[in-house]
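Read-outs throughout are calculated quantities, based only on the coordinates presented, and are distinct from any laboratory measurement. Keep in mind it's a predicted model, so treat the numbers as computed, not measured. In this analysis, Cβ positions are derived from the backbone assuming ideal geometry, glycine residues included, and neighbour counts consider all displayed protein chains.
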Amino acid sequence: MGRRAAAVPADPGGRRLMAALMDLIAGNQRQILLGLSIEDWAGFDDPGRFDAHLSLGGGLDPTWLDLFSEAIRSVTNADRPEDFLDARRELDGPPSAGDRVIERVDPGWIGAVARLSDRAIDAVAWRWVDLVEEELGFLPREEKPWIRKLAGDLVAFARAADRSEDVVFAWAL
């Protein structure tokens, strides 16, 4: 029951970037953990069972979400959201499901992303591209629309998950 991961972009030297499978899932923690344990990926997209799901695929490094947070802070001149790394917490239960690490996402991070205005999404996306390029070097032109779309997807996920009981980040390298 595996999923096809997104293409992994190459860095300027032609090497592939780190490929990580990552998902953000909002809803009831027990139901999320059950879905992860049986790899019910299609079920996560059922709005009757879960508030929101965003598969981040295998095309980015988890630290890119820290850069996304930094881009929001830079564009909005605010001190929120905190870096994604700092917004993750251990669960009160099994710390992993198979090869995946499972962590709770702080509601403050979700709320700060959810409150980003529609007008600011483009500016955040372009600032995010700049930050990624500062970290990795030049990104190919064809990667930039993917990052822009991902910024919008992250905001849409956060808006749908903002009042959720739990938000979980499940990832595997």
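In whole Hz, what ³J(HN,Hα) sequence does the range 36-46 give by Karplus (6.51, -1.76, 1.60; θ = phi - 60°), x for Gly and Pro?
Values, residue by residue: 5, 5, 9, 6, 8, 4, 5, x, 5, 8, 8 Hz.
Can you compute the FRET efficiency between Thr63 and Arg119 using 1/(1 + (r/R0)^6), with r the Cβ-Cβ distance and R0 = 30 Å? Round to the nearest 0.05. Can you show the working numbers first?
Values: r = 27 Å, r/R0 = 0.90.
About 0.65, to the nearest 0.05.
Report the extension gain between Arg49 and Asp86 in nm, rounded to one decimal, defined as 0.36 nm multiplied by the number of residues separating them, less their alpha carbon distance. Walk me through the numbers on the way to the answer.
Details: separation 37, 0.36 × 37 = 13.32 nm, distance 2.80 nm.
Full-extension gain reported as 10.5 nm.
Quick check on the range 23-70: take the gyration tensor over C-alpha atoms, sort the square-rooted eigenvalues as a ≥ b ≥ c, and tell me if it's rounded (a/c under 1.5), prolate or oblate. Write out the running numbers ahead of the final one.
Working: a/c = 2.39, a/b = 1.96, b/c = 1.22.
The shape class here is prolate.
Equivalent-ellipsoid semi-axes (√(5λ), Cα gyration tensor) for the range 43-136, whole Å, largest first? Please list the in-between numbers first.
Details: eigenvalues 122, 52, 40 Å².
Its equivalent ellipsoid spans semi-axes of 25, 16, 14 Å.
No solvent, one uniform scatterer per C-alpha: report log10 I(q)/I(0) for the range 118-173 via the Debye equation at q = 0.21, 0.25, 0.26, 0.28 1/Å, two decimals.
-0.89, -1.01, -1.04, -1.08
Scan around Leu56 for amide H atoms under 5 Å from its own, H built in the peptide plane at 1.01 Å from N, and keep only partners 5 or more places away or cross-chain.
It is Met22, Asp23, Leu24, by chain and number.
What is the packing order of peptides 41-51, 27-37, taking the mean over residues of other C-beta atoms within 10 Å and listing the highest first?
Details: 41-51: 14.5, 27-37: 18.5.
Result, highest mean first: 27-37, 41-51.
For Lys144 and Glu165 in one chain, what is 0.36 nm times their gap in residues minus the Cα-Cα distance, to one decimal in nm? Walk me through the numbers before you get to the answer.
Working: separation 21, 0.36 × 21 = 7.56 nm, distance 3.32 nm.
Going from the current span to full extension adds 4.2 nm.
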